[in-house]
Amino acid sequence: MELIRIPSLVDNYIWLLIYQGNCIIVDPGTAKPVQQFLQQNAIHPVAILLTHHHHDHVDGVKELTRYYPELVVYGPMETSSKGTTCVIKGGEQLNFAGFSWQIFAVPGHTLGHVAYYQKPYLFCGDTLFSGGCGRIFEGTAEQMYQSIETLKALPDETLVCCAHEYTAANMAFASYLLPHDKAIKAYTLAVNQKRAQKQPTLPSSLKIEKEINIFLRSDDPYLQKVLGFSPATASNCDVFAKIRKLKDRF
Ligand SMILES: [Zn+2]
């Protein structure tokens with residue numbers, strides 16, 4: 001199996017998982033770069049996975065399905081008008097394309113947002129980013145916190161294939177909150193070097209994210225103190241909500 005990342009729009013990535021000349025496409029916000037790649041490499045797409053309804057994740061679906069009418073499009077109900085042919089809601093185990101996929105409901109960024117997991121690949125859309133998490137547009141902080149905790153429970157070697165190249169901005173915020181954190185310092189430096197050379201920072205791994213992503217560290221007593229909480233009484237969800245609020249204004 002081979003994981004491919006196709007840049008799309010301003011800072012999106014469309015992920016392709018390729019196996020035996022076939023492939024699965026995740027969140028095609030545009031069709032053209034995907035079509036070009038498939039034609040140049042003689043690859044046959046079998047399915048599209050949609051994580052949520054935002055245009056930069058779904059706008060390429062209709063053109064792709066016109067060109068490849070046999071494509072099966074999986075997505076939550078909120079994507080049903082965007083070309084989805086098989087509605088899922090999270091909690092299912094789906095068998096398609098010869099593989100078994102675990103689907104998680106991860107509301108928060110949008111209410112119907114789902115994530116797709118097939119060891120070691122996690123396609124989490126705009127829920128978990130490297131060094132950050134998605135903005136809470138439709139759900140509550142409590143929902144987003146639970147969604148992030150669901151993803152955090154996956155194995156360390158999980159590859160975080162998120163939909164945006166936001167890592168540098170996320171690490172600037174993490175460095176502002178925790179300027180003396182060694183792991184955050186080292187990762188920020190590495191990320192900035194990669195971006196200076198126009199290299200991608202993704203996929204990341206959950207092992208790395210547990211160290212450098214402050215949204216996965218709401219149980220960290222040091223971070224809690226920095227944010228003005230007393231570690232003896234702090235609720236991790238409240239800590240998470242405060243980090244999210246501060247990031248929104250950063
Ligand atoms: Zn989104």
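Among beta bridges from DSSP that stay inside the chain, the antiparallel ones total about 65%. A 1.4 Å probe run over the chain, with the rest of the protein chains in place, finds 44 Å² accessible per residue. Debye sum, Cα scatterers, the range 166-248, no solvent: what log₁₀ I/I(0) at q = 0.14, 0.15, 0.16 1/Å? Normalising to I(0) and taking log10 leaves -0.47, -0.54, -0.61. The C-alpha atoms of the chain define a longest principal axis, and helix 141-152 lies at about 70 degrees to it. Against the main long axis of the alpha-carbon atoms of the chain, helix 167-177 sits at an angle near 10°. Calculated [222 nm] ellipticity per residue, helices only, for the chain: -10000 deg cm²/dmol; basis is -39500 (n - 2.57) per DSSP H run with n ≥ 4, divided by all residues, nearest 500. For the chain, a Gaussian network of Cα nodes joined below 10 Å ranks Cys133, Cys86, Cys237 by mean-square fluctuation, and the top entry is Cys86.
Report the antiparallel proportion of the DSSP beta bridges in the range 61-162 as a percent, rounded to a multiple of 5. Walk me through the numbers before you get to the answer.
Values: 13 of 20 bridges.
Taking every DSSP beta bridge with both residues in the range 61-162, the antiparallel ones total about 65 percent.
Packing around the peptides 59-68, 186-195, taken as the average count of other Cβ atoms within 10 Å per residue, puts them in this order, highest first: 59-68, 186-195. Exceeding 20 Å between C-alpha atoms, which entries from my cross-link table qualify? They are Lys194/Lys247; Lys182/Lys242; Lys119/Lys207; Lys185/Lys247; Lys32/Lys62; Lys82/Lys247. Lys194/Lys247; Lys182/Lys242; Lys82/Lys247, as the Cα separations exceed 20 Å there.
Quick check: at a probe of 1.4 Å, how many percent of the accessible area of the range 56-165 sits on carbon and sulfur atoms?
Result for the range 56-165: 53 percent of the exposed heavy-atom area is carbon or sulfur.
Taking a ≥ b ≥ c as the square roots of the Cα gyration tensor eigenvalues, the range 97-250 comes out oblate, since a/c reaches at least 1.5 and a/b does not exceed b/c.
With charges set only on the Cβ (+1 for Lys and Arg, -1 for Asp and Glu), what does the dipole of the range 166-248 come to about its Cα centre, in debye to the nearest 20? Working shown, then result.
Details: 13 positive and 7 negative charges, 59 e Å.
Charge dipole of the range 166-248: 280 debye, to the nearest 20.
Can you give me the % of accessible surface on the range 166-248 that is carbon or sulfur? Probe 1.4 Å, all protein chains present, nothing else counted.
C and S atoms contribute 55 percent here.
Each peptide in 100-108, 217-225 receives the mean, over its residues, of other Cβ atoms within 10 Å, and ordering these scores from highest gives 100-108, 217-225.
The values are calculated or read from the model by the stated rules, or taken from the named source; none is laboratory data. The shown structure was predicted, so the numbers you read here are calculated from the model rather than taken from an experiment. Note that each Cβ is placed from the backbone with ideal geometry, even for glycine, and that neighbours are counted across all protein chains shown. Keep in mind that these areas ignore ligands, DNA and RNA; they rest on the heavy atoms of the full protein, side chains included. Shrake-Rupley method; radii C 1.70, N 1.55, O 1.52, S 1.80 Å.
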